[in-house]
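Before any comments, here is the structure.
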């Protein structure tokens, strides 16, 4: 074949193949888009002269390297907002690299946050960190388990745990945001036996799940459309985000105003507006409107799917309190495992760690998952965290279930060797908590399970003997100073619970303090070492001296419940208890230690 002929044949073949390949560009792009493999456009804030050049494909990598180095330098110089902007650019230029999102979110939440001193600044960077992963990283990488695990860890560890000195402020702000999104309890909800916090522990998410996704669908209802038009006449466009929820919040706070109205007509217009907001004829329309915007905030601000929240609640058998960061961490860890099911590595390290996080979240919710908000919470008083006994059975079942899945090799008893120590400790604590709450049937079931599968001499005297051993320390006699400190500490815990309206727990702590007081007075070796004041005087002293350090509303709440007169602000606290403590003689100390030794020998 002549060379010129061969050249033309090859040229025609290349053109034919190029044409055939061009026909596949559309379907290939559709596949790339379906699998989320298309890179987003470069950030608009990056100079076009620097990036939009024919060498863009070759220049992206060195530019990213430069931005990494520049961001690190800015952070070291304390120019955190500039570093934050560069971090966003880096993520946007490497959107399909999950490790980039994970590192930048972790860097903000852990490294940058601790360089600040104020609680507000630290919280801003912690929130920037988890929101970067949640709001931007995960939508671009919805099937990557690593990002779900990283998000869940920041919520669980940085916000929910006790690592940071400002962790109380983080928990407070997190809870306040959730209460603002879900709304306050309805009028008359709080009454004897039911607290404001119970509203969020039994929140009905079904109306949120059933709410339409678009406001236009809501306007198909004639009553809602008519109400929206009526609000237009007052200058409130309830179709806009935040308008209607802001209206009802201002109305409840008595700060609602009608604007853009002549001064002489404002009072009349305000009366008419309040009448429209309380008209029984529009009650269903108003409720539907409120539910729509609360559901919108849950989906768009918190990135939670109400239907998925309901599914998780049904699976666990209890309604989680989403004011807790652990509840959000559990949500994202469960979602991460589910989203990663279709990946090639079904049991990679990220999935294993994500599943472990589910377990950790349940443990922490049992230990301190009942959150109580102070009446002065909006002024910065942190929430009170207590054990949530509702989680005990869920965690118990999780131990059994995960033991079956965690390891294939056989092990003695139903609980995996990896979990036995934690399981036994948890179950003993749960028995005590059940006993304190009068849930004797549940306590007996847990006790029987321990006795059957993990026998111990302490179980031989039955559950009553086991409980007696657990409270054995309360019966020990310590020296005057130590005993008084223990009693005052127990009273203070009770008074704090009074301040947070957790009256049942407050009564339990004060009763236990009274038992300590009476036991010391009854069994102390020498009459001269007895307390020379009453238990009531001790309570009053602790209320003024220690509870007085709480916010003024909390202090006044405590005094009202104790039926004592609060001291004026700035007043000097009277010292009613003796300041000089009698010292034990060697004989008195020996007698006390002998009594304690006899108590220790009573253990089987």
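Details
- Residue match in region 548-568 (condition: more than 31 Å from the chain's Cα centre (by Cα), surrounded by 15 or more Cβ atoms within 10 Å (Cβ to Cβ) and within 24 Å of residue 370 (Cβ to Cβ)): yes
- Number of the exception - residue 176 against (1) over 27 Å from the mean Cα position of the chain (by Cα); (2) in a helix (DSSP H, G or I); (3) surrounded by fewer than 18 Cβ atoms within 10 Å (Cβ to Cβ): (1)
This table checks each residue for (1) in contact (Cβ under 8 Å) with a residue 12 or more places away in the chain; (2) surrounded by fewer than 15 Cβ atoms within 10 Å (Cβ to Cβ).
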residue	(1), (2)
64	yes, no
73	no, yes
78	yes, yes
93	yes, no
99	yes, yes
130	yes, no
143	yes, no
148	yes, no
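- Residue within region 366-374 that is within 19 Å of residue 196 (Cβ to Cβ), modelled with pLDDT under 90 and either surrounded by fewer than 14 Cβ atoms within 10 Å (Cβ to Cβ) or touching a strand residue (DSSP E or B) at 6+ places or on another chain (Cβ under 6 Å) (or both) present: no
- Members of region 493-507 found to be touching a helix residue (DSSP H, G or I) at 6+ places or on another chain (Cβ under 6 Å) and surrounded by fewer than 20 Cβ atoms within 10 Å (Cβ to Cβ), listed by number: 493
- Within region 242-283, being under 17 Å from residue 227 (Cβ atoms), touching a helix residue (DSSP H, G or I) at 6+ places or on another chain (Cβ under 6 Å) and outside any helix (DSSP H, G or I) holds for 256, 258.
- Going through (1) in a helix (DSSP H, G or I); (2) under 37 Å from the mean Cα position of the chain (by Cα); (3) buried (at least 16 other Cβ atoms within 10 Å of the Cβ) one by one, residue 230 falls short only on (2).
- 1 or more residues on the phi > 0 side of the Ramachandran plot and at pLDDT 90 or above: qualifying helices (runs of 4 or more DSSP H) within region 421-496: 462-470
- Residue in region 418-427 that is in contact (Cβ under 8 Å) with a residue 12 or more places away in the chain, over 30 Å from residue 168 (Cα atoms) and touching a helix residue (DSSP H, G or I) at 6+ places or on another chain (Cβ under 8 Å) present: yes
The values are calculated or read from the model by the stated rules, or taken from the named source; none is laboratory data. It should be emphasised that the depicted structure is a prediction, and the values quoted were computed from it without experimental measurement. Reconstructed Cβ throughout: ideal geometry from the backbone, glycine too, with neighbour counts over all protein chains shown.
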